[in-house]
Amino acid sequence: MSRSVTHRYRDPLDEIWLHAVAQIGFSVERSSKVYAHSDGRGVLHLADRASFDADDSLAQLILHELCHAMVEGERAWTQPDWGLDNISSRDEVREHAALRLQHELTSVHGLRWVLAPTTDFRPYYDALPETPLLGEDPAAVFAREGMLRSGLAPFARPLAEALQATEEIVEITRRFSSADSVYSRL
């Protein structure tokens, strides 16, 4: 006897962040050929589940790419990889700005560690102060520009809703998590 499958399971955080990114105006395609790539035509090509490290999630990857979009501004949305050089260190300060913005947006909701980046820049993120937007470090200046954009269309509502929904799910999940789960980390 065969059974007809009419619905599929998807991680709740994936559902939230896929909805948010679509509301903002981008789509997501999963692939084993990339980790993260914006094609400049509105598509975020993100690693498939099999390509993730144990602490990766689609939610944090989408959020990080949205942080790049906010830091770089609308002019960069039509450029591959937001117009950034991700091979050399030329745009490292812009990467740092996206990480500072990610820290600021997530910390307000208690999600700093749940939605933390897991790339080679993780040590930089981990070392950020509790107030990552303060100061005259160029990365902080760029991050403040991104923070301003986060409060405007098309980001404001979908981002706020996604962060709030994620906070609610994480709070419930945390109660049931083992010590090695990203959900157990405050």
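In table form, for the structure just shown:
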quantity	calculated
Computed helical MRE - 222 nm, the chain, DSSP H runs ≥ 4 contributing -39500 (n - 2.57), nearest 500	-14000 deg cm²/dmol
Least to most buried among MET1, MET147 (fewest other Cβ within 10 Å first)	MET1, MET147
Helix 138-150 axis, angle to the chain major axis (alpha carbon atoms, nearest 10°)	50
Inter-probe distance in nm under a simple model that places probes 7 Å from Cα toward Cβ, at PHE176 and ARG122	2.5
FRET efficiency, 1/(1 + (r/R0)^6) with R0 35 Å, evaluated for MET1 and ALA160 via beta carbons	0.15
Acute angle (nearest 10 degrees) that the helix 92-107 long axis makes with the longest principal axis of the chain, alpha-carbon atoms	60
Charge dipole of the chain about the Cα centre (unit charges at C-beta), most positive-ward option of THR166, GLY40, GLY110	THR166
Charge dipole magnitude, Cβ of K and R +1, D and E -1 - the chain, Cα centre, debye nearest 20	560
Orientation-averaged projected area, Cα convex hull of the range 12-184 (nm²)	9.4
Farthest toward positive dipole pole in the range 36-186 [+1 Lys/Arg, -1 Asp/Glu at C-beta], among PRO123, ALA97, ILE62	ILE62
PHE52, PHE155 arranged by Cβ crowding within 10 Å, fewest neighbours leading	PHE52, PHE155
Beta bridges per DSSP with both ends in the chain, % antiparallel, nearest 5	40
Overall dimensions of the range 31-101 as given by Cα atoms, namely Rg and Dmax in Å	11.9, 34
Helix axis angle, 156-174 relative to the chain longest principal axis, alpha carbon, degrees	50
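Read-outs throughout are calculated quantities, based only on the coordinates presented, and are distinct from any laboratory measurement. Note that the structure is a prediction, hence the values are computed from the model and not measured. As a convention, Cβ positions derive from the backbone with ideal geometry for all residues, glycine included, and neighbour counts pool all protein chains shown.
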